[in-house]
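Student: Pasting in a structure now, in structure tokens, and then I'll have a few things to ask.
The values are calculated or read from the model by the stated rules, or taken from the named source; none is laboratory data. Since we're looking at a predicted model, the values are computed, not measured. Reconstructed Cβ throughout: ideal geometry from the backbone, glycine too, with neighbour counts over all protein chains shown.
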Amino acid sequence: MPPTTPAPRARFIALLAENITRGTFEKLTLGKPRQPAADPTLQNVFVRPITLKSGLHLTFVWRHTTRDLTKNFPTAEAVTQIEILLGPTFLDAHLFTTTSTAQLETRPDNTARLRVKNVVAPQISDLTSVAVPATHDQPKHHPIAAAAAWLRTLGVTNERGQPREGMADKFRQIQKFSEILSHHLAENFPAETTAAATEPIRIIDMGSGKGYLTFALAALLAPRAHVTGIEARTELVAFCNRTAAAHDLSDHLTFIPGAINETPVAACDVLIALHACDTATDDALAQGISAGARLLVVSPCCQKEIRAQLVAPAILADALRHGIFQERQAEFVTDALRAQILEWAGYKTKVFEFISTEHTAKNLLIIAQRTAPRGQPDDARAQRIRAFAAFYGVRHQRLAAQLDFSL
């Protein structure tokens, strides 16, 4: 009796595991999410090998509609993760190795088809173009050069341009913020970001702290922008101004002392507030709207105002008696209200995680782009906002009060 041929899915997993063991695995793409999807925002998963200090791992990138999430797994655990995703979550899988490609197509009825194609071995003259497995030690492209002298002065990197101990997460945050903001600035200020621009973009960073992102923006956009950091701690203001002067950035980067709710902003094009605590985020948003900002970028923190008011709807009462769920619900309601009020005020909003939670828990970003003229609030949306607030028992909220919006 002839041996039974393994099912296509089992053969695909075996092929994947074999190539990982042999060191010939290059990449894997999972696509075509099964419908209806448990998470409708999930589009693809991309998997590549990566060498860490502890050895070979596979790095997974979950591609969502508005964000990417990244996590590394040891090889055995990675294969298990892929096996779980194949079929129940994704119908298609493409495997690329140095010797072959394989495609697994899963049908909605769970039957599958596997196609394998051998890759022609490269000639000796082509070996210079063969990809080498990625490692963390290889040079990477960053929006902000790792060797930037101001990064050393701020204590982020050392003399070799490497993150100092305890600063790797901060380095990643700076790079990710710079990447995101560069894209949105180019989208919202296409003429102003060109070399021929005559008027600089006016950027305000409220609660700038030690100025990590403030410096990054100035370095990225000089001389096409003037960046002002506003910070309540005068010793940080003095330190940042000295650093800007020492690195020839003071012509388009200045820091001034002041609290977010006590320092009026006359006019600006872009307003940023990162990790401004509780209602300070609302004060910063209100300042930006009043100053006519075309782009608002905030990363909220410590959402306490709503939690004290939160009244659990009957269906949620049992769940919200737990403190951790109350905290997360308060964060959701606070930031959802902020996004809706910004849309009422004439902005288009995006809310997403800008960096993996393994690097920072404070990873939510709200970006608002002005789409309607000032002074033309959306009255139809106002009714939906009030219904949302009433559902959670919210009677007052700082941004709403700043904009004279009655809940």
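Student: Only one of Ile82, Ile50 is of a type outside the set (D, E, K, R) and not in a strand (DSSP E or B); which?
Tutor: Among Ile82, Ile50, only Ile82 is of a type outside the set (D, E, K, R) and not in a strand (DSSP E or B).
Student: Also, quick follow-up: Of all the residues that make up region 152-197, how many are hydrophobic (A, V, I, L, M, F, W, C), at pLDDT 85 or above and more than 24 Å from Tyr347 (Cβ to Cβ)?
Tutor: The qualifying residues number 6.
Student: Taking Leu114, is it over 19 Å from Ala10 (Cβ atoms) and in contact (Cβ under 8 Å) with a residue 60 or more places away in the chain?
Tutor: no
Student: Here are Arg338, Arg321, Arg374: which of them is in contact with a helix residue (DSSP H, G or I) (Cβ under 9 Å, 6 or more places away or on another chain) and loosely packed, with under 14 Cβ neighbours inside 10 Å?
Tutor: Arg374
Student: Please specify each residue of region 379-407 satisfying the condition of being loosely packed, with under 15 Cβ neighbours inside 10 Å and in a loop (DSSP other than H, G, I, E, B).
Tutor: Gly393, Arg395, His396, Asp404, Ser406
Student: Filter region 351-371 for residues that are in contact with a Lys or Arg (Cβ under 6 Å, 6 or more places away or on another chain) and at pLDDT 70 or above; which is surrounded by the most Cβ atoms within 10 Å (Cβ to Cβ)?
Tutor: My answer is Ile367.
Student: Could you give me the residue pairs with C-beta distances under 7 Å whose first residue belongs to region 364-380 and is closer than 21 Å to Leu407 by Cβ, whose second residue is among the hydrophobic types (A, V, I, L, M, F, W, C) and in a strand (DSSP E or B) wherever it lies, and which are 6+ apart or on separate chains?
Tutor: From region 364-380, the pairs are Ile366/Val298; Ile366/Val351; Ala368/Leu296.
Student: Only one of these is surrounded by 15 or more Cβ atoms within 10 Å (Cβ to Cβ) and in contact with an Asp or Glu (Cβ under 7 Å, 6 or more places away or on another chain): Ala273, Ala293. Name it.
Tutor: Result of the check over Ala273, Ala293: Ala293.
Student: Still on this structure, I have one more. Give region 224-243 a look and list any residue that's of a type in the set (A, V, I, L, M, F, W, C) and either surrounded by fewer than 20 Cβ atoms within 10 Å (Cβ to Cβ) or touching a His at 6+ places or on another chain (Cβ under 9 Å) (or both), or say none.
Tutor: Listed by number, the residues that qualify are Ala225, Val227, Ala232, Leu236, Ala238, Phe239.
Student: Follow-up question, since we're still on this one. Among the residues that make up region 331-345, is at least one of them over 30 Å from Glu235 (Cβ atoms) and not in a helix (DSSP H, G or I)?
Tutor: Yes, region 331-345 contains a residue that is over 30 Å from Glu235 (Cβ atoms) and not in a helix (DSSP H, G or I).
Student: Failed condition for Val311, given (1) in a loop (DSSP other than H, G, I, E, B); (2) among the β-branched types (Val, Ile, Thr); (3) buried (at least 16 other Cβ atoms within 10 Å of the Cβ), with all others met?
Tutor: It fails just one condition, (3).
Student: Let me ask something else about it. Residue check, Leu58 against (1) without any contact (Cβ under 8 Å) to a residue 40 or more places away in the chain; (2) surrounded by fewer than 17 Cβ atoms within 10 Å (Cβ to Cβ); (3) under 27 Å from Lys176 (Cβ atoms), all met but one. Which one?
Tutor: (2)
Student: Among what's in region 57-68 and is part of a strand (DSSP E or B) and within 12 Å of Gln43 (Cβ to Cβ), pick the residue that is modelled with the lowest pLDDT.
Tutor: Asp68
Student: Output yes when any residue across region 350-359 is of a type in the set (S, T, N, Q) and closer than 19 Å to Ile204 by Cβ, and no when none is.
Tutor: No; the residues of region 350-359 include none that is of a type in the set (S, T, N, Q) and closer than 19 Å to Ile204 by Cβ.
Student: Follow-up question, since we're still on this one. State the number of residues belonging to region 201-216 that are over 15 Å from Val298 (Cβ atoms) and touching a helix residue (DSSP H, G or I) at 6+ places or on another chain (Cβ under 8 Å).
Tutor: Qualifying residue count for the region: 6.
Student: Out of Thr349, Thr243, Thr281, I need the residue that is among the β-branched types (Val, Ile, Thr) and farther than 27 Å from Glu199 by Cβ. Which one?
Tutor: On inspection, the qualifying residue turns out to be Thr281.
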